[in-house]
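To start, the structure under review is shown below, and the notes come after it.
The values are calculated or read from the model by the stated rules, or taken from the named source; none is laboratory data. Computed from a predicted structure; not experimentally measured. Here Cβ is always computed from backbone atoms with ideal geometry, including for glycine, and neighbour counts include all displayed protein chains.
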C-alpha cells in the first residue's frame, strides 16, 4: 500500500471511527486529517458518539440473563406447549372433508396459505396411494436395513429422518423409499398392520415455520400433517383419525428422540 | 445438549443489547430476544455448518424485528434509561448520564435501517461483512447506512435547539 497510496474515501473514515484500519492506512488517514480539519472534527465527534453509544448500552449486556431467557427454560416451555396443543388437537384440527379426487389435486381444500405447508399432504397422499397399493415392491430399502434407510433418507432429504416404532399401534415397518417432490427429495416410510393395511410417513424439508397437527379426512386416505423443525410431515393411511393421531404422535416423539410423551 | 445451551447463552447478552438498541424499551426487547431464541432452537438443525452462530442469531433477531416489531413504534428510551445503566447517584455523573440518555434517544430517532447498521457495527462489533449478512444487504449499503447514521446522530445531538442533548465536553 505504501507504493500505491489511494485517496481517502468515506469508507476509510467509517473504518477509522470503528478502529478497523491497518496501522498503515490509519496513519494515512491521520495525515489526511491534518489537511482537512473540518472532517477531522466531525470524525472526532463521531468517535465520541460511538463511545457514548457503547457506554449507554453496555449495562444491558452486563445484566444477568433473565431466567425466562435461559435455554433450559425456553425448551421446557416449548415442550410443554406441545402436549397442550396435542391434547386439544382433537378439537381444533381442521377437517377438510372431500373426496380423494378433490383433495388430491394440489391446493384444493388444503389450507396451506395461512400456516405451514399444506402441499405436503397432497404429495404424501398421492405417494401413499401409489405405493401402498404395490404388493410387490412397496419400498426400496427394507426394514431389516433400518439404520441404513435412516441414514440414506437423512442425507437425501437434508435433515435428520428418524424412524418411528409403530409396533405398539400394530404397524410393522416394511421399509422406505426416496421420492421426488416439487420442493426437493422426500422420504416415505411404509408400515403395514396384521390385516395388510398400510400406513405411510412422508417427510421433506420445508422453509415453513412449525405448525400444530392438522387433519385431512378423506376417502379413502386420511392424513395428519404438520411442520416441525424444518421438516414437513404427513402420516397417511386408510384408517380412522384415532389411529392416525396415535401414529402422528409416535412420529413426532421419535423425531425428538423421545419415548412416547410424558 | 448442554453444548447447544452454552453456545446460545454466550450470545444472549449481545442479543439483549441489540434488541434494546433496536426497540428502545426493555419489555419489547426481551420479547424480541425470547422470540429469537425460540426460533433458533426450533431451527437449530438448519444452521449452515461452519457458519457464525452469532451472525445466524443476529439475522433471526433482525428479521423478527423488521417483520414483527418495528411497526409497533413503541419506543421509550427516555423513560427507561435508568433501567439500562448503573445507577448514577453522584451529581458529577449527572452530565455524563444526560449525554448517554441523549445518545440513546437520538439512536431511537434514526431510521430503522440506519439504526440496525450502526448498532451492529459500532456496538456489537460485527465486521462489515457480518453486518451485511445480518441485514441482508451488500456491504456497500452497510457502509452508506453507517455514514448516514453517524451524520444523523451528529445533527440530532449537536442541534443548538435541544439543550437536553447538548454536547458534553
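Structural remarks
- Residue check: residue B:69 meets all listed conditions (1) modelled with pLDDT under 90; (2) surrounded by 14 or more Cβ atoms within 10 Å (Cβ to Cβ); (3) under 16 Å from residue B:133 (Cβ atoms) but one, namely (3).
- Some residue of region A:213-226 being in contact with a strand residue (DSSP E or B) (Cβ under 7 Å, 6 or more places away or on another chain), within 14 Å of chain B (Cβ to nearest Cβ), closer than 21 Å to residue A:157 by Cα and in contact (Cβ under 8 Å) with a residue 12 or more places away in the chain: yes
- Counted residues, region A:17-39 - those being in a helix (DSSP H, G or I) and within 22 Å of residue B:106 (Cα to Cα): 2
- Summed over region A:32-71, the residues that are within 24 Å of residue B:158 (Cβ to Cβ), touching a helix residue (DSSP H, G or I) at 6+ places or on another chain (Cβ under 7 Å) and more than 7 Å from every other protein chain (Cβ to nearest Cβ) give a count of 5.
- Looking at A:180, A:223, just one residue is more than 19 Å from residue B:45 (Cβ to Cβ), out of contact with any helix residue (DSSP H, G or I) (no Cβ under 8 Å at 6 or more places or on another chain) and in the same structural domain as residue A:126 (by TED's automatic domain parsing), and that residue is A:180.
- Scanning region B:124-157 for residues that are in contact (Cβ under 8 Å) with a residue 60 or more places away in the chain and either surrounded by fewer than 17 Cβ atoms within 10 Å (Cβ to Cβ) or assigned to a helix (DSSP H, G or I) (or both) turns up B:130, B:133, B:134, B:135, B:136.
- Within region B:1-28, being within 11 Å of the chain's Cα centre (by Cα) and within 8 Å of chain A (Cβ to nearest Cβ) holds for B:14, B:16, B:17, B:20, B:21.
- Test: residue in region A:145-167 that is in a strand (DSSP E or B), modelled with pLDDT under 90 and surrounded by fewer than 19 Cβ atoms within 10 Å (Cβ to Cβ): no
- Hey, residue B:48 in a helix (DSSP H, G or I) and closer than 24 Å to residue B:128 by Cβ or not: no
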